[in-house]
Amino acid sequence: MDLIEVAIKVVREGPICDSCLGRQFAKLSTGLTNKERGMAVKTVLSMMSVQNIENLKIPDKEKCWICNGLFDKLEYWANKAVEEIKDHDYETFLVGTNVTGLLSENEEIIWTESQTQWAEPAKSELNREVGKLISQKTLKEVDFSRPDLVLILDLEDDLVKIKSNSLFIYGRYRKLIRGIPQTRLFCKECGGSGCEVCEGTGKRYKESVEELLIWAALDRFRGSNASLHGAGREDIDALMLGNGRPFVLEIKDPILRNVDLASLKNEINEENFGKLEVLGLKYVNKSTVKTIKTIKADKVYRVKISLDKNVEREKLEGALINLKGVIKQKTPNRVIKRRADLIRVRKVHDTELKSLEGDTAVIEIDCEGGLYIKELMTGDDGRTNPNLSDLLDTNVKVNELDVTNVQIDEGHII
Ligand SMILES: [Zn+2]
Ligand SMILES: [Zn+2]
């Protein structure tokens with residue numbers, strides 16, 4: 001079957017526009033639009049009909065039976081899309097189409113009847129041609145991999161839907177008071193629907209680092225929602241000090257994308273004064289979420305402990321020296337329901353006695369991420385070895401546990 005035979009079959013099916021005709025030969029030449037291909041094919045067929053080819057009527061002004069005039073309305077769709085996104089900040093976009101059932105059916109009919117091997121779907125042409133027009137009108141670029149905006153032409157309902165891809169901000173937070181979880185936790189009683197126990201909030205705690213962080217950001221970016229991705233998490237009752245814990249804030253469906261982060265930082269810090277502080281905000285790629293979720297960061301902890309009996313300073317210092325090196329830690333009793341029961345090997349890099357008064361001591365521990373510090377102190381019924389309790393031969397109780405440093409190489413953050 002050659003091109004002319006296919007073309008004759010196509011035009012015999014009914015009146016067809018240049019785009020729909022040309023699209024049946026889309027894979028045959030590059031550098032042309034389907035409309036141009038269609039015009040060329042029509043020209044050739046007109047010249048051939050002069051040579052008495054039977055029943056060959058070249059469609060001209062009648063409405064195209066395949067697209068019902070859709071390809072004459074590209075400008076209409078482009079204008080509609082541009083109007084819809086006029087309030088949005090964006091650098092890149094991508095056009096998609098929800099076609100009508102009739103258009104897909106008509107396409108299948110013409111492919112079967114003409115036996116063309118070279119067609120592309122109407123949807124692809126529409127996305128591309130409307131994309132070109134929007135690009136001309138807005139001077140923004142089409143991006144196939146991760147556009148800021150996805151514009152869906154909904155042919156059935158005659159409207160353009162917008163999906164604004166999430167925006168990501170990297171930073172570090174310092175948590176200056178105890179009793180706040182990192183993210184929102186649902187009420188245990190009602191599971192989030194609201195009850196007497198949670199006073200109708202659905203939450204186990206009144207606030208979280210996540211909530212304290214996001215409200216100002218949501219307001220400025222005009223997003224629909226936001227979530228916090230932390231590089232690990234501290235206990236609810238632990239402070240997060242030093243230069244803070246790395247996080248990525250994801251803003252969903254943002255309308256604005258060029259917010260001044262220094263001013264956002266100031267607003268968050270003023271509003272949460274004495275409670276929470278953020279540092280070093282910067283715009284990053286989506287991939288940074290994965291980077292900070294999987295990064296192995298060394299940590300420094302400050303632990304306040306009390307001992308069952310008074311211990312000599314030298315003895316405590318000696319025990320802390322012996323705590324350095326390799327620790328074998330079986331999954332702690334308090335988390336065994338949620339984690340596999342195995343032995344993890346972690347290193348303690350350094351320990352230091354900060355103060356000792358009577359039976360109360362403050363120590364600092366510099367170690368690999370993933371070591372449970374409470375159990376390193378108490379021994380957890382012999383599940384962590386070595387441990388401070390065994391080394392001192394007395395019971396150890398952890399009163400406060402704070403994170404004073406999370407060491408990561410920010411070179412990986414882009
Ligand atoms: Zn058409
Ligand atoms: Zn509740």
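Close amide H partners of residue 201, meaning residues 5 or more places away or on another chain with modelled amide H under 5 Å apart, are 195. Between 6, 147, 104, whose Cα lies farthest towards the positive end of the dipole of region 3-164 when Lys and Arg beta carbons carry +1 and Asp and Glu beta carbons carry -1, centred on the Cα centre? So the residue we want is 6.
Using the Karplus relation 6.51 cos²θ - 1.76 cosθ + 1.60 with θ = phi - 60°, the per-residue 3J(HN,Hα) values for region 143-153 come to 10, 7, 8, 9, x, 5, 10, 10, 10, 9, 7 Hz, with x marking Gly and Pro. Within region 287-339, the GluC sites (Glu not before Pro) that combine a DSSP coil assignment with at most 11 other C-beta atoms in a 10 angstrom radius are 312. The value of relative contact order for region 305-414, using C-alpha pairs under 8 Å at least six residues apart, is 31 percent.
With a ≥ b ≥ c the root eigenvalues of the C-alpha gyration tensor of region 163-289, is it rounded (a/c under 1.5), prolate (a/b larger than b/c) or oblate? Oblate is the answer for region 163-289, as a/c is 1.5 or above yet b/c matches or exceeds a/b. Positive-end ranking of 138, 229, 202 along the dipole of the chain, with charges on Cβ about the Cα centre, is headed by 229. As a rough footprinting exposure proxy, the listed residues 48, 240 were ranked by other beta carbons within 10 Å of their own, and the order from fewest upward is 48, 240. Charge dipole (Cα centre; +1 on Lys/Arg Cβ, -1 on Asp/Glu Cβ; no other charges) of region 167-295 amounts to roughly 540 debye.
In the chain, taking the dipole from charged Cβ atoms about the Cα centre, the farthest positive-side position among 323, 262, 26 is held by 323. Sparse packing (at most 16 other Cβ atoms within 10 Å of the Cβ) combined with a DSSP loop state is found for the following GluC sites (Glu not before Pro) in region 97-157: 156. Cysteine residues of the chain whose Cβ has no partner cysteine Cβ closer than 4.7 Å: 20, 67, 367. With contacts taken as Cα pairs under 8 Å at a separation of at least 6 residues, region 3-164 carries a relative contact order of 28 percent. Taking the helices alone, the chain has a mean residue ellipticity at 222 nm of -9000 deg cm²/dmol, built from -39,500 (n - 2.57) per DSSP H run of at least 4 residues and averaged over all its residues.
The charge dipole of region 298-410, taken about its Cα centre with unit charges on the Cβ atoms of Lys, Arg (+1), Asp and Glu (-1) only, comes to about 600 debye. Express the relative contact order of the chain as a whole percentage, based on alpha carbon pairs under 8 Å and six or more residues apart in sequence. After rounding, I find 13 percent.
Rule-based calculations on the coordinates, nothing more; no lab input. Because the structure is predicted, anything quoted here is derived from the model rather than measured. Reconstructed Cβ throughout: ideal geometry from the backbone, glycine too, with neighbour counts over all protein chains shown.
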